[in-house]
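The values are calculated or read from the model by the stated rules, or taken from the named source; none is laboratory data. None of these values were measured; they are calculated from a predicted model. Keep in mind that these areas ignore ligands, DNA and RNA; they rest on the heavy atoms of the full protein, side chains included. Shrake-Rupley method; radii C 1.70, N 1.55, O 1.52, S 1.80 Å.
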Amino acid sequence: MAEQTAPPVIRESTKADSAVVRDALGVGIAVGLSGFAFGVTSAGSGLSLLQTCALSLLVFTGASQFALVGALAAGGNPFTAAAGAFFLGTRNAFYGLRLSQLLALPRAVRPFAAQWVIDETTAVALAQPTRRAARIGFSVTGLTLYVLWNLTTLLGALGAEAIGDTDAWGLDAAGPAVFLALLAPMLKTATERYTAGIAVVLGLGLLPVLPAGVPVLVAALAAPAVLWARGRHMAGGNVGTGGAGGSGGSGGTDGTDGSGKGDVR
Amino acid sequence: MSVWIAIGLTVVGCYVVKLVGLLVPEGALERPLVRRLAALLPVALLAALTAQQTFSAAGALVLDARALGVAAAAVALALRAPFLVVVGAAVVVTAGVRALGG
């Protein structure tokens, strides 16, 4: 029992399987439990138990799920509500792109692995030193998260139905808090902060005048608008006047790797 | 029924983008502009969604207990609290303010 743990002679390039599993379980359990918040929010937004569970089972990408139930609760039509959820999900395509090189999955396996291509599995897989470790990390994170996310979604939805008025319990604040927690690590440079600021102004400013769900889609245009403005600024303003030019430059490089492991949900 | 339509569209759309990433040939989406846009799009969407779900009800702008709850979440984030603590802070503060009649 008093046996000393072996000295860490294991080099980083041959990370032990058990260490990978431990990392993966940590992420999978912590984030999987937040399915509870989704279940409560979804049921509190008026979706049925079946609808709530179908979203976690079949969509399985948290931000899109929260966005969808939020838009439906606000009275958005199904098409604008789904469009917002879809655009949030497009980042997963870029995760898949990286993972397909990293994991080198057989083509027959890809349709099944695809459902687990999300922020957390990507973050864990990309952090591993070898292909074997990346595969273990991806699989264990994916399985743990999928099982727990769906279980806690069910419990959350049942709980919300049991307590009735979820607003009295402050549960309508869970959705925006989740979004804020997802957003905060992405605000790395001025480019992201400008984009977020413009999106907030558009989202709130247009809310009273446009149909529900549409202001969010318009606010999404802040992303190309800021990229375009930054591009022009960089092309025209080589003189290096003011700090904005400098931070714009670093914003570019950060934006490039932003689709990677930095964006943990 | 319209809820199921929304769910169906989201299920198909979100699955297809996941699969596309795994199936397209290497380099097809690797243009710098495309990648930067993909990284920035969630920023815009999440910012707008956070603001709307904090400050709106039934299609109108409102200021209520949620604002304090989300502010508490922001403080928790600044203190590097874990994800569940951040969400919990928002819920507890919002419920507390409402219980006090806010």
Given a 10 angstrom Cα cut-off, can you work out which residue in B:P42, B:P82, B:P25 is the most mobile in a GNM of chain B?
B:P25
Could you please tell me the mean projected area of the C-alpha convex hull for the protein assembly as shown, averaged over all directions and given in square nanometres to one decimal?
21.6
Send over a whole-number figure in Å² for the accessible area per residue of the protein assembly as shown, probe 1.4 Å.
44
Starting from the Kirkwood Rh over alpha-carbon pairs, what translational D in µm² s⁻¹ does segment A:129-179 have by Stokes-Einstein at 20 °C and 1.002 mPa s?
160
Per 10 Å bin, what percent of the C-alpha pairs of segment A:29-173 does each bin hold, from zero upward?
12, 38, 31, 15, 4
With segment B:35-74 reduced to its Cα atoms and the Debye formula applied, log10 I(q)/I(0) at q = 0.19, 0.31 1/Å amounts to -0.61, -0.99
Computed over the Cα atoms of segment A:78-120, the Rg and Dmax in Å are 12.3, 37
Looking only at Cα atoms, what is the convex hull volume of chain B per residue, in Å³?
169
Going by amide H atoms built from the backbone, whose H comes under 5 Å of the H on A:L221, apart from near neighbours?
none
Part-to-part distance (alpha-carbon centres) for segment A:155-186 and segment B:2-17, which is given in Å
22
